[in-house]
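To keep things clear, I will list the structure first and then write my remarks on it.
Please treat every number below as a calculation from the coordinates, not as lab data. The structure presented is a predicted model; accordingly, all values stated were derived computationally and were not measured. Cβ atoms come from the backbone with ideal geometry, glycine included; neighbour counts cover every protein chain shown.
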Amino acid sequence: MFGAIQGLLDQLGPHEMTPVKTMIVLSTTSNFAGITFTKSRLDLGFFLSREVHHERIHRIERLAPRKVAHHVRLSSVAEVDTQLNLWLMEAYHGRPSD
């Protein structure tokens with residue numbers, strides 16, 4: 001499953017993956033996402049400038065007026081799909097995808 005996420009990230013453009021104590025932080029000039037691992041799933045968090053309410057997003061945190069963290073639980077490769085790609089594109093570029 002991590003390999004599928006890595007494939008999406010590689011399509012976005014240059015980025016860094018920085019392992020920290022409990023997660024991997026994804027960044028360009030600033031952090032745009034992070035991945036936390038559990039035994040049965042991955043928790044992918046990404047930062048958008050707006051709130052997105054969707055059944056797949058299990059937690060939303062407003063960190064600043066234009067920085068909102070969204071968390072998605074992933075338990076299968078099938079969940080690494082077009083919708084997830086659109087959210088990651090928006091987080092990476094800092095604006096909604098065209």
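Couple of notes before you dig in:
- Restricting I5, I24, I35 to those that are touching a residue at least 40 places away in the same chain (Cβ under 8 Å) and either among the β-branched types (V, I, T) or part of a loop (DSSP other than H, G, I, E, B) (or both) reduces the list to I5.
- Considering residues of the stretch 51-98 that are in a loop (DSSP other than H, G, I, E, B), closer than 19 Å to L26 by Cα and among the basic types (K, R) only, the residue farthest from the chain's Cα centre (by Cα): R66
- Enumeration of residues in the stretch 23-43 that are in contact with a Lys or Arg (Cβ under 8 Å, 6 or more places away or on another chain) and under 19 Å from Q11 (Cβ atoms): L42
- All conditions in (1) surrounded by 15 or more Cβ atoms within 10 Å (Cβ to Cβ); (2) touching a Gly at 6+ places or on another chain (Cβ under 9 Å); (3) without any contact (Cβ under 8 Å) to a residue 40 or more places away in the chain hold for R56, with the sole exception of (2).
- Out of V77, V68, V72, one residue alone is out of contact with any Pro (no Cβ under 7 Å at 6 or more places or on another chain), surrounded by fewer than 16 Cβ atoms within 10 Å (Cβ to Cβ) and not small (G, A, S). It is V77.
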